[in-house]
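Every read-out reported here was derived from the displayed coordinates using simple, explicitly stated rules and does not represent laboratory data. All of these numbers come straight from a predicted model, not from anything done at the bench. Here the Cβ is made from the backbone with ideal geometry for all residues, glycine too, and neighbour counts use every protein chain on show.
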Amino acid sequence: MLPTIKWAEDKVIMIDQRKLPLEEVYVECRDADEVAEAIEKMIIRGAPAIGVAAAFGVALGFLRAERGEKLGPRFDKISKRLGRTRPTARNLFWALERMRRVFEEGRKLSLDQVRERLIREALAIEEEDVRANERIGHYGRTLLKDGDSVLTHCNAGALATAGYGTAIGVIRAAFEQGKRIHVLVDETRPFLQGARLTAWEIDKLGIPMSLITDNMAGWLMKKGQVQVVITGADRIARNGDAANKIGTYSLAVLARHHRIPFYLAAPLTTFDFSLRNGEEIPIEERPPEEVRQAGGCVITLPHIQVRNPAFDVVPARLITAIISERGIVRPPYLKGLAAWNRKSK
């Protein structure tokens, strides 16, 4: 299996996550528009992976630039196109901002030199994401005990990142350490990332697991069959409020009621220190067909109105701890996250 996303000279190759787990199909993108479409159509998803894809999209866009062309307008056009794809994931905009800085620093250079710099920076973003996820796993594994049954939501594994994973990276690191871990994978309606993607990844890693429907979580908690809940995140405000796949808020409420620790795992590229709280996080509304269908089969009346917010926001008060490549921070989050922000500058 190739990585989630890979740079290959004049194209970007990514696994088509819509086809998993039944087919392992790879898609080639040869320009920025094709990368943008891949993000919009969920060929690639997961906040860190989207950030890497956006960086590669910018680099591809400059491979198609012509000599004598004004490069500033080209960068603006590419950046705007990629920025319209998924509004909630902070990593997308962080990657575009980083690529812009590199472009601005070298815009007086030749086209070949600008291309080289942008490709090099995109590859650095990819590599840094893998290393950050490995560090998240290193710190987070201390929170899991031998024999724990761990509930996770959506997909926060290698498929959602450049490699290794965030929430699944923590589980993976604990398992590789020798801890006996059992994973409860919820299906994650409506796009079924848990059933299709996380189950596929956990199976390949050889970690014991059970697949459950989303509405089983509360009952299993009541029966004492869940010791830990851990998820990824798509954007975290400076007070610790965190957006993640729709349904995460419900799990956090259930975990608090049953006195079960609820952890978030995310790289620093997911944190948006410009936002005071979760009320300021934009929430993407996805197409109604994702709710009207399951596995390509229509499951309801085709004319009824549908709501399909892709994310919800977990208040910081429901989060037991947040794990990043900097370590583990606990409440009060304003102080701890501010320290992380200072160190990253």
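Listed values for region 187-200 are Karplus-derived 3J(HN,Hα) couplings in whole Hz (6.51 cos²θ - 1.76 cosθ + 1.60, θ = phi - 60°), namely 5, 6, 5, x, 8, 6, 5, x, 5, 8, 9, 5, 4, 4, and x replaces Gly and Pro. Give me log10 I(q)/I(0) at q = 0.11, 0.14 Å⁻¹ for region 139-344, Debye formula, one equal scatterer per alpha-carbon, no solvent. The computed values of log10 I(q)/I(0) come out as -0.49, -0.80. Annotation for region 1-59 versus region 280-295: alpha-carbon center distance of 20 Å. Inter-part distance, region 140-218 to region 70-123, computed on C-alpha centroids, equals 33 Å. Listing Cys29, Cys154 from the residue with the fewest other Cβ atoms within 10 Å to the one with the most, what is the order? Ascending number of Cβ neighbours within 10 Å: Cys29, Cys154. Net charge dipole, the chain: roughly 1100 debye, given to the nearest 20, about the Cα centre with Cβ charges of +1 for Lys and Arg and -1 for Asp and Glu. Residue separation of Glu24 and Arg131 scaled by 0.36 nm, minus their Cα-Cα distance, works out to 36.0 nm of gained length. Each of Gln193, Tyr249, Pro287 was scored by the projection of its Cα onto the charge dipole of region 182-309, and the greatest displacement toward the positive side belongs to Tyr249; charges sit on the C-beta of Lys, Arg, Asp and Glu. Looking at the chain, the pairs of alpha carbons with a distance over 37 Å make up 16% of the total. Size descriptor for region 271-345, Kirkwood hydrodynamic radius: 15.6 Å (Cα pairs only, one decimal). Rg/Rh for region 23-99 (Cα atoms only, Rh after Kirkwood) is 0.98.
For region 182-274, just say rounded, prolate or oblate: build the C-alpha gyration tensor, square-root its eigenvalues into a ≥ b ≥ c, call rounded for a/c under 1.5, and beyond that prolate if a/b exceeds b/c, oblate if not. Taking the square roots of the gyration eigenvalues as a ≥ b ≥ c, region 182-274 is oblate. Of all DSSP bridge pairs formed entirely within the chain, close to 55 percent run antiparallel. The charge dipole of region 5-134, taken about its Cα centre with unit charges on the Cβ atoms of Lys, Arg (+1), Asp and Glu (-1) only, comes to about 560 debye. Once the Cα-Cα distance is subtracted from the 0.36 nm per residue extended length, the Gln177 to Lys335 segment shows a gain of 53.8 nm. Under a 5 Å amide H cut-off, with hydrogens placed 1.01 Å from N, Leu275 pairs with Arg238 among residues at least 5 apart or on other chains.
Proximity of backbone amide H atoms, modeled 1.01 Å from N, is registered between Val183 and Val150, Met209, Ser210 at under 5 Å, excluding neighbours fewer than 5 places apart on the same chain. Electrostatic tally near Pro267: other residues with Cβ closer than 11 Å to its Cβ, Lys and Arg +1, Asp and Glu -1, net 0.
Amide H contacts of Tyr26: Asp16, each under 5 Å away and 5 or more positions distant or on a separate chain (H built 1.01 Å from N in the peptide plane; Pro and chain starts excluded). Selection among Pro73, Leu60, Tyr26 by position relative to the dipole of region 21-99 gives Pro73 as farthest towards the positive end (Cβ unit charges, Cα centre).
Positive-end ranking of Leu96, Leu268, Ile125 along the dipole of the chain, with charges on Cβ about the Cα centre, is headed by Leu268.
Could you grab the relative contact order for the chain? Cα pairs under 8 Å, six or more apart, rounded to a whole percent. Dividing the mean separation by the residue count of the chain yields 16 percent. Each residue of region 202-214 was assigned a 3J(HN,Hα) from its phi angle through the Karplus expression (A = 6.51, B = -1.76, C = 1.60, θ = phi - 60°), giving 4, 4, 5, 7, x, 8, x, 8, 9, 8, 10, 6, 4 Hz with x at Gly and Pro.
Each peptide in 269-276, 187-194, 294-301, 253-260 was scored by the mean count of other Cβ atoms within 10 Å over its residues; highest first, the order is 187-194, 269-276, 253-260, 294-301. Based on Cα atoms of region 1-141, Rg over Rh with Rh as the Kirkwood radius reads 0.98. Here Lys80 is the anchor, and the lysines within straight C-alpha reach of less than 29 Å, apart from those fewer than 8 places off in the same chain, are Lys6, Lys11, Lys19, Lys41, Lys70, Lys108, Lys245, Lys345. In a reduced charge model with +1 at each Lys and Arg Cβ and -1 at each Asp and Glu Cβ, region 174-318 shows a dipole moment near 560 debye about its Cα centre.
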